[in-house]
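S.K.: One structure, pasted below without further comment.
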Amino acid sequence: NPYEGLVSHLRRSWLSGRTRPLEYRVAQLEALGRFLDEKKDEILEATALDMGKPSFEAYFSEILLCKNELHDTLNNLAHWVKDEHVEKNLVTRLDSAFIRRDPYGVVLIIAPWNYPIHLFLVPLIGAIAAGNCAIVKPSEISNHTEKLVAETLSCYLDNDCYAVVTAGVEGTTRLLENKFDYIFFTGSPTVGKIVMQAAAEHLTPLTLELGGKNPCYVSDACDVQNVARRVAWGRFFNAGQTCIAPDYLLCSLEMQEKLMPALREAITEFFGPNPKDSPDFARIVGDKQFQRVQALLSSGRVAIGGQMDEEERYIAPTVLADVLPSDPAMQEEIFGPVLPIVVVTSMDDAIDFINARPRPLAIYAFSCDTKEVNEVLDRTSSGGFCGNDTLTHVTLTSLPFGGIG
């Protein structure tokens with residue numbers, strides 16, 4: 001196996017106890033902070049080359065949120081690593097009883113292409129903070145960012161304990177044959193199943209951070225302008241290539257008609273009369289992804305947008321009206337700048353619709369009536385929930401992030 005030597009080398013480093021001292025962990029985390037500061041321009045350039053990522057979006061999602069995670073970790077690490085002393089009974093009154101949080105060992109982090117810095121760095125921050133050695137496998141699809149990470153990260157971290165592996169599907173398959181102590185994978189459910197099977201061979205615990213169809217319920221009792229702006233921002237951020245983006249709207253027929261002019265106005269305000277010329281609108285990452293998203297436009301009717309340029313991998317911010325549950329856009333995660341609207345008769349109907357499908361990474365609910373928002377929260381199940389806004393819940397380092405299971 002081409003990676004056996006690398007994994008063995010990292011395991012020897014971990015067994016030596018090198019990564020366990022608090023001072024070591026802090027030094028490596030501070031080095032990641034320098035990586036973000038000193039390579040800021042290269043990160044913005046690489047993400048722009050990979051998917052036309054606007055500089056503000058890239059700075060906010062790839063750099064600023066990672067810095068927040070770093071600051072939170074560095075501020076709390078001394079407290080997190082302390083033994084937690086627990087209550088004792090009469091027999092053990094003179095003894096010491098405590099919970100100690102140990103590192104797993106050598107961990108593997110497989111990152112996706114849509115947020116190619118954030119989604120390898122945040123798990124890596126956690127891995128370093130906990131005292132592990134780690135191998136990071138960036139996505140080969142965002143190849144400019146992959147090259148940047150592979151060439152520069154080793155200049156900041158201890159190479160005996162942390163390594164970057166560049167590989168496609170075949171190489172990643174061989175990498176997964178090795179015994180790891182923990183695997184953190186971010187990507188599609190299809191590949192997640194393959195990773196889980198590989199982990200099962202060694203009984204390796206893992207985290208699968210998978211996408212899904214995140215519903216967004218819009219009540220008749222809402223501020224239409226406010227909903228349109230916040231949904232348009234959340235849906236079209238990074239050209240819709242965000243795992244927690246609102247994937248589809250559930251609302252009444254009357255609300256659908258009210259939302260159309262408001263959504264059109266919000267899209268024009270954010271991206272101008274021709275979003276193709278806007279410096280604030282990203283592109284689809286690759287030809288395969290472009291063709292997949294393009295095929296979804298046959299669902300319902302195109303009410304806003306729909307323009308495409310395959311050479312530029314451009315798909316305009318698009319809203320589909322009167323979409324049926326059986327339409328192609330409702331069979332898979334969209335992961336592009338397309339927003340389907342499914343008409344429901346009531347909030348109960350919307351909740352039944354949500355609960356009849358796999359539990360999503362996020363659920364959104366808009367209403368001027370707090371009771372309605374809370375009812376959607378109480379009667380559904382999701383990894384995260386955000387009322388009267390989109391995406392913002394993941395900006396809080398104080399909240400856990402992930403799906404169900």
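S.K.: Return the distance in nm (one decimal) between the two label points of a simple spin-label model at residue 80 and residue 291, each offset 7 Å from Cα along Cα→Cβ.
M.R.: It works out to 4.3 nm between the two label points.
S.K.: Follow-up. For a distance above 18 Å, tell me the whole-number percent of Cα pairs in segment 1-159 that qualify.
M.R.: Counting pairs separated by more than 18 Å, the tail of P(r) holds 63 percent.
S.K.: Then there is this: What's the local net charge at residue 148, with K and R +1, D and E -1, over the other residues with C-beta under 9 Å away?
M.R.: Local net charge: -2.
S.K.: I would also like to ask the following. Please work out the Cα center distance from segment 71-88 to segment 206-277, rounded to the nearest Å.
M.R.: Value for the Cα centre distance between the two parts: 39 Å.
S.K.: What number in nm² do you get for segment 216-333 if you take the convex hull of its Cα atoms and divide its surface by four? Write down the numbers at each step before the final one.
M.R.: Working: hull surface 27.2 nm².
Averaging across all directions leaves 6.8 nm² for the Cα convex hull.
S.K.: Amide H of residue 184: which non-local residues (sequence gap of 5 or more, or other chain) have their own amide H closer than 5 Å, using H built in the peptide plane?
M.R.: Close amide H contacts, sequence-distant or interchain: 108, 109, 110, 207.
S.K.: Return the loop-located trypsin sites (Lys or Arg not before Pro) in segment 51-153 (DSSP other than H, G, I, E, B) with at most 13 other Cβ atoms within 10 Å of their own Cβ; answer none if there are none.
M.R.: Loop-located and lightly packed - 82, 88, 93, 100, 101.
S.K.: May I pose another question? Hey, what number do you get for the chain at 222 nm if only DSSP H runs of n ≥ 4 count, each worth -39500 (n - 2.57), divided across all residues, to the nearest 500?
M.R.: Details: 14 runs with 163 residues, N = 405.
Here the helix-only value at 222 nm equals -12500 deg cm²/dmol.
S.K.: Figure the gain on full extension for residue 20 and residue 38 (residue separation times 0.36 nm, minus the Cα-Cα span) and round it to one decimal in nm.
M.R.: 3.8 nm
S.K.: What dipole magnitude, in Debye to the nearest 20, does segment 3-210 give about its Cα centre under +1 on Lys/Arg Cβ and -1 on Asp/Glu Cβ?
M.R.: My answer is approximately 600 debye.
S.K.: Under DSSP H, which helices of the chain have Cα atoms covering 20 Å or more of the helix axis and a Kyte-Doolittle average no less than -1.0?
M.R.: Correct list, ordered by number: 22-38, 65-80, 253-271.
S.K.: Spin-label point model (7 Å from Cα, Cβ direction): what's the residue 226 to residue 196 distance in nm?
M.R.: Calculated label separation equals 3.9 nm.
S.K.: Could you state the accessible area per residue of segment 276-402 in Å², with a 1.4 Å probe and every protein chain left in place? Write out the running numbers ahead of the final one.
M.R.: Values: 5820 Å² over 127 residues.
Ligands and nucleic acids excluded, the result is 46 Å² per residue.
S.K.: Give the Debye-formula value of log10 I(q)/I(0) at each listed q (0.30, 0.33, 0.35 Å⁻¹), with one equal scatterer per alpha carbon of segment 7-46, two decimals each.
M.R.: -0.90, -0.98, -1.02
S.K.: Going toward the positive end of the dipole of segment 215-395, with +1 on Lys and Arg Cβ and -1 on Asp and Glu Cβ, which of 319, 343, 261 do you reach last?
M.R.: Result: 319.
S.K.: What is the mean projected area of the alpha carbon convex hull for the chain, to one decimal in square nanometres?
M.R.: Value for the chain: 22.2 nm².
S.K.: Taking the full set of protein chains and a 1.4 angstrom probe, give the accessible area of residue 243 in square angstrom, rounded to the nearest 10.
M.R.: Answer for residue 243: close to 20 Å² accessible.
S.K.: Running Debye on segment 154-278 with equal point scatterers at the Cα sites and no solvent, what base-10 log of I(q)/I(0) appears at q = 0.10, 0.22 Å⁻¹?
M.R.: With no solvent term, the Cα-only Debye profile gives -0.56, -1.24.
S.K.: Using a 1.4 Å probe over the heavy atoms of the protein chains, calculate the carbon and sulfur portion of the accessible area of the chain as a whole percent.
M.R.: Taking all protein chains in place, the chain shows 53 percent carbon and sulfur surface.
S.K.: Where does segment 272-405 land on Rg(C-alpha)/(2.2 N^0.38 Å)?
M.R.: 1.17
S.K.: OK, next. Would you kindly compute the Cα radius of gyration of segment 171-219 and its largest Cα-Cα separation (Dmax), both in Å?
M.R.: Answer for segment 171-219, Rg first and Dmax second: 13.9, 50 Å.
The values are calculated or read from the model by the stated rules, or taken from the named source; none is laboratory data. In this text the structure is predicted, and so the values were computed from the model without any measurement. No Cβ is skipped: glycine too gets one built from the backbone with ideal geometry, and neighbour counts run over all protein chains shown. Calculation scope for accessible area: heavy atoms of the full protein, side chains included, ligands and nucleic acids excluded. Shrake-Rupley method; radii C 1.70, N 1.55, O 1.52, S 1.80 Å.
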